[in-house]
Amino acid sequence: MNTFAGIFSEFNLPNATTWFYFSLLLAVALFFKFTRLVSVRNWDVLTLFLLVPGLLLIQEGHSLQAARTARAVAAAGQNLLPGTTPFSGTATLFGAASLAQASPEKLLWFGFLWLLCGSVYLLIRCLMDLALVRRPALSPNLNLSGLLWLGAALLICLTAVALRKPFGSQGAVGKRSAAVKEIQRLPEDLLNQEIAPGNSNGNTQFWVERTSAILCHIAIVVALAIIGWRHFQDAHAGIAAATFYLLLPYTAYHVEQVHHVLPTALLMWAVAAYRRPCTAGLLLGLAAGTGYFPAFLFPAWLSFYWRRGAGRFAAAFALAGGLCLAVIAGILWAEGDLALRIQSTLSLSDWQPWIQPSPETIGFWTGVRWAWAYRMPVFVAYLAFVVATLFWPWPKNLAHLLALSAAVLIGIQFWFADQGGVYLLWYLPLLLLLVFRPNLADREALPLHPETDWLTRFRRSVGRLTARLLRLPEPVARVH
């Protein structure tokens, strides 16, 4: 019976390269319009896979580093030369034999160079989308029921990937913010105290991390479907974007990285709630408080709501972001780590382009000794672009907001020192919305009418209640 059970239950997950080829072929079959070969949709479907080779190079570089370390440890323990132990690497897109002869540092640098060059194209694509007004309705090659079934199957597969990856095999890709660290640590401490006191084997941390990541991916998928249904007036496009998100290799490669997807999930729900400035401001403020990088989106979103709820959006953004930072600071202060965390953050060179990156930092700017000097001009140009989003284009509709938000998040990859370029999940859902969006020229922020606006009615109710409590005389009506 064990033999028969093994035949049907021995299921092995594909490696990174196999998933890349498989997802590319399936994406072409699902979303490529063969009756209209020369179209923006077809080009977008193909170029969304543009950054995968860079990630494969980086993955192979890390594998070579781990293998070199293992060989050195084995040689030290057995009194052998490091080169006498056999190499057993993982085959990638470019072949294991050729990569085995390359140094890990060179592979990593070329991988980050590939990611930055691909990010330049994606940035140009987002800026070009500002001028694309007429968008033909190109439906996927699979009907709605088939896309729903495929999306559910891919979600189950990604859950299996997250749960079957050995804990600590890859570690955190990039540095996590203090907010994400505390959000993960608090449930771990609670479960260790209530369910498994004295547990030190990391099982609790494993389940909290992987469960949180899967829930964030589910939130992004649901938000994409709702945006397509409510704002694009096309449920088919929303389900197609959600399915494509689950199919792309980037989601599978970093499926367990909570700090990559938690702020993005909040950002996507802010897009879904764009008709309500207060709700959108609260969600975007929470995203900025947990991941920090969505704070660069504030100018574009503020100009989107100009004279249509900009004040309440800014107030909600500041309230949510300030409360998030205050709670995190209070927790760190209670534990006695606040001063140390502030000092380490201020000394961190990853987000300060005027400081040379530390030797522990891995990225494009650390591969060449003189390269970091150019971070400062890149950072100044990026800040000028962020300020320009406050005024250009004017006025903004939902298509402009999506394109500018994606462009701002892509621009961070150019100057952020710590593995800049790998944070694709920050802007991947926004790119998918650009691919499947219809004409959104009429999707603007809704004007505020005093008769229907809830905040105006609330202020009037509070004013009447205050007048009654203070027993103020009612205003005398004029007699005409």
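Any read-out appearing in this document is the output of simple, stated calculations on the displayed coordinates, not a laboratory observation. Predicted model only: the values in this text are computed from it and were never measured. Glycine gets a Cβ as well: all are built from the backbone with ideal geometry, and neighbour counts include every protein chain shown.
Find out how many positive minus negative residues lie around Asn397, taking Lys and Arg as positive, Asp and Glu as negative, among other residues whose Cβ is under 13 Å from that of Asn397. Walk me through the intermediate numbers first.
Values: positive: Arg135, Arg275, Arg308, Lys396, Arg437, Arg443; negative: Asp129, Asp442, Glu444.
Computed value for this residue: +3.
Can you put Val173, Val462 in order of Cβ neighbours within 10 angstrom, beginning with the fewest?
Numbers: Val173 21, Val462 10.
So the ranking, lowest neighbour count to highest, is Val462, Val173.
Compute the FRET efficiency between Lys106 and Ala329 as 1/(1 + (r/R0)^6), taking r as their Cβ-Cβ distance and R0 = 45 Å, and round to the nearest 0.05.
Working: r = 42 Å, r/R0 = 0.93.
With a Förster radius of 45 Å, E is 0.60.
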Open item on the list: Let me check I have the definition right: for the range 213-313, take the eigenvalues of the Cα gyration tensor, multiply each by 5, take square roots. What are those semi-axes in whole Å, largest first?
Closed with: 24, 18, 9
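Going by how many other Cβ atoms sit within 10 Å of their own, how do Met268, Met376 line up, fewest first? Spell out each step's value before the answer.
On the way: Met268 26, Met376 14.
In order of increasing Cβ crowding within 10 Å: Met376, Met268.
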- [ ] At 0.36 nm per residue, minus the direct Cα-Cα distance, what do Cys117 and Ser358 gain on full extension? Give it in nm, one decimal, please.
- [x] 84.4 nm
- [ ] Enumerate the amide H contacts of Leu390 below 5 Å, restricted to partners 5 or more residues apart or on another chain; note that Pro and chain-start residues carry no placed amide H.
- [x] none
TODO: Using the Karplus curve 6.51 cos²θ - 1.76 cosθ + 1.60 with θ = phi - 60°, work out ³J(HN,Hα) for each residue of the range 239-246 in order, rounded to whole Hz, and write x for Gly and Pro.
DONE: 5, 5, 5, 5, 5, 5, 4, 6
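Net charge near Pro438, counting Lys/Arg +1 and Asp/Glu -1 over other residues with Cβ under 11 Å of its Cβ? Present the calculation step by step, with values, prior to reporting the outcome.
Working: positive: Arg134, Arg135, Arg437, Arg443; negative: Asp234, Asp442.
So the surrounding residues net to +2.
Give me Lys106, Lys33 ranked fewest to most by other Cβ atoms within 10 Å of their Cβ, as a rough exposure proxy.
Working: Lys106 13, Lys33 16.
Fewest-to-most Cβ neighbours within 10 Å comes out as Lys106, Lys33.
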